[in-house]
1. With the requirement that a residue be of a type in the set (Lys, Arg), farther than 25 Å from LEU201 by Cβ and either in contact with a strand residue (DSSP E or B) (Cβ under 8 Å, 6 or more places away or on another chain) or not assigned by TED's automatic domain parsing to the domain that holds ARG453 (or both), what does the stretch 466-505 give you?
2. In the stretch 117-164, how many are farther than 22 Å from CYS319 by Cα and surrounded by 15 or more Cβ atoms within 10 Å (Cβ to Cβ)?
3. Quick one: GLU419 ticks every box in (1) free of Cβ contacts under 8 Å to residues at least 24 places away in the same chain; (2) more than 18 Å from SER473 (Cα to Cα) except a single one, so which number is it?
4. Please enumerate the residues belonging to the stretch 499-517 that are among the small types (Gly, Ala, Ser) and either at pLDDT below 95 or surrounded by 19 or more Cβ atoms within 10 Å (Cβ to Cβ) (or both).
5. Would you be able to say whether some residue in the stretch 201-214 is hydrophobic (A, V, I, L, M, F, W, C), part of a helix (DSSP H, G or I) and closer than 26 Å to CYS467 by Cβ?
6. Against the definition (under 21 Å from the mean Cα position of the chain (by Cα), surrounded by 19 or more Cβ atoms within 10 Å (Cβ to Cβ) and either under 18 Å from LEU201 (Cα atoms) or not hydrophobic (A, V, I, L, M, F, W, C) (or both)), how does PRO442 come out, yes or no?
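The values are calculated or read from the model by the stated rules, or taken from the named source; none is laboratory data. Note that this is a predicted model, so its numbers are computed, not measured. Note that each Cβ is placed from the backbone with ideal geometry, even for glycine, and that neighbours are counted across all protein chains shown.
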Amino acid sequence: MRILTLFSGHEASACLLEDGVVKNYYREERYSKKKHAEGTRYIFNKILTELSDIDYALFSTQLSQKDERKLRDIITSVNPTIKFLKGSESQHHIYHASLAFYNSGFDKSIVFVCDAAGGVHDEIYEGESIYIAEYPSKFTPFYKSYWTVNTEVEDITTKKNGCTYNIHNVLNTYPGIGNLYNTAALVIGQTVDDCGKAMGLSSYGGSNDKFGKLFSSKVLERIESYFSEYPELIKVLGGRDDVEYNMTITKDNYKFFADYCYEVQIQCQERVTKYIQHAIEKTGIKKVCISGGFGMNIVTNYHLIKQFPDVEFYFEPMCDDGGNSIGAAMYSYRKLSKDITVRPITTTSYHGDHHDVSEYVGETVDLKGIASLLYNNKSVAIFKGCAEAGQRALGNRSILFNALNPDARDIVNRIKKREWYRPFAAIVLEEDAHLYFDDVIPNPYMTVCFPVRTDLIPGVTHIDNTCRIQTVSTGHLYDLLLEFKRLSGHGILLNTSFNLAGEPLVETPEDALKTLSSSALDHLWFYDTEQLL
């Protein structure tokens, strides 16, 4: 059974699933070169070549009826036997939950989904959802929280079939977790897509009692009072999209803003913890999946591991909206086929095409030569096979550097043209991870940060003494780390995504060469042909 899903909204993407396994995946931003891109201009053209033997297709309901009819006509002209499945924006959180559950390898679990604005129905948006997930396609609601700015909608809390439903008006009461975290990004002059930057800055802040409880009524008034000297920001926080607010966080002004980011981080993770604790206590289930945009919060993810040591967690690496085309395809396949086969995630490196790089000729260098360059503090970008589908670079589109170098963060931030306060992740031999990190567990998809226990890796140690890590136990990164360990005595490197600030992950060889020429990056290595440029 082959299923095609096409999602046109935020983080637009398309997925081809065959018998429950991802065969191909396309993300609009990789072709439009606009990060977090909406629309289907590029990805629809990519899937046209896949249509001849597709059994089912599902479209995002964000398409207009006219556009959807047009796409249907094009598809049926190529494949007249294809059947169209009905999608719904109200199933946004179901798709997040499906991707996490089916990738987790669990046979039954709690799934916690959290984002700013999930599925919408009559101006009411999903904020937080908890499901009990079972095979083949049973997602029983346990808790649902919705929000709206429609002043005619009153706060309502009801219980039905074992699920608590909460609807609240964010203009009158508290914001949801995702909306609150969005404000942290906005106050530092970023967009709601840049909450990761607010998370990085939060580690430079501290507790400030001026904010009180952020999940309470009239919280916006307290936030506005704190930022009273920034009237443009207050208008932005109030929902004005016709106002421009600019802020550059410097080493002189950061503390005022970092304190707010810190308070948002702490109070959001406390609220997530309460949700999950309640679900565990009521259901007795000790397997938990985390998805939705807030699942990118590696600080909270570590906090959950520490808070619930007897619970098995799975953090979905493609938890942002870009993963929903895959989640929708998986959910549809299980509903149609009744397949109960458990297929744990094996990789996220299945984006787009495998590019021919044979025409690019430089110096022939093997892994031993790359390790030598890194040992001598040269930056090396690796281009290998298909790109990672998600936001995290896991070795196919990565920039690597020497984590032992105390200036590594400043050097690589200059290469990527990023903000000074943003930290970098590390790749480490799985068997050596305990030498550098406390409480460490296998973390192949870079979804959790851990405390650093040594001063040997200053290049990847954040101001709060933590580091997001990718543990590796096989493959080309493992072999490279072994070579680097022979030279340095340490099987660990800095690893960051192969892109510049504000740009999507590199997709094509041409993208890679452009990034090399427009940055201070030292080298580009085409792994498949061992050519170093």
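1. If the condition is that a residue be of a type in the set (Lys, Arg), farther than 25 Å from LEU201 by Cβ and either in contact with a strand residue (DSSP E or B) (Cβ under 8 Å, 6 or more places away or on another chain) or not assigned by TED's automatic domain parsing to the domain that holds ARG453 (or both), then LYS485 is the only one that fits.
2. 4
3. Among (1) free of Cβ contacts under 8 Å to residues at least 24 places away in the same chain; (2) more than 18 Å from SER473 (Cα to Cα), the lone unmet condition for GLU419 is (1).
4. The answer is ALA501, GLY502, ALA512.
5. yes
6. No: the conditions fail for PRO442.
Residues checked against (1) surrounded by 12 or more Cβ atoms within 10 Å (Cβ to Cβ); (2) among the β-branched types (Val, Ile, Thr):
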{"position": "TYR204", "(1), (2)": "yes, no"}
{"position": "THR248", "(1), (2)": "no, yes"}
{"position": "ASN253", "(1), (2)": "no, no"}
{"position": "TYR260", "(1), (2)": "yes, no"}
{"position": "ILE266", "(1), (2)": "yes, yes"}
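Quick grid of which residues meet (1) at pLDDT 85 or above; (2) among the small types (Gly, Ala, Ser):
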residue	(1), (2)
VAL153	no, no
LYS159	yes, no
ALA184	yes, yes
SER203	yes, yes
PHE215	yes, no
GLU229	yes, no
VAL236	yes, no
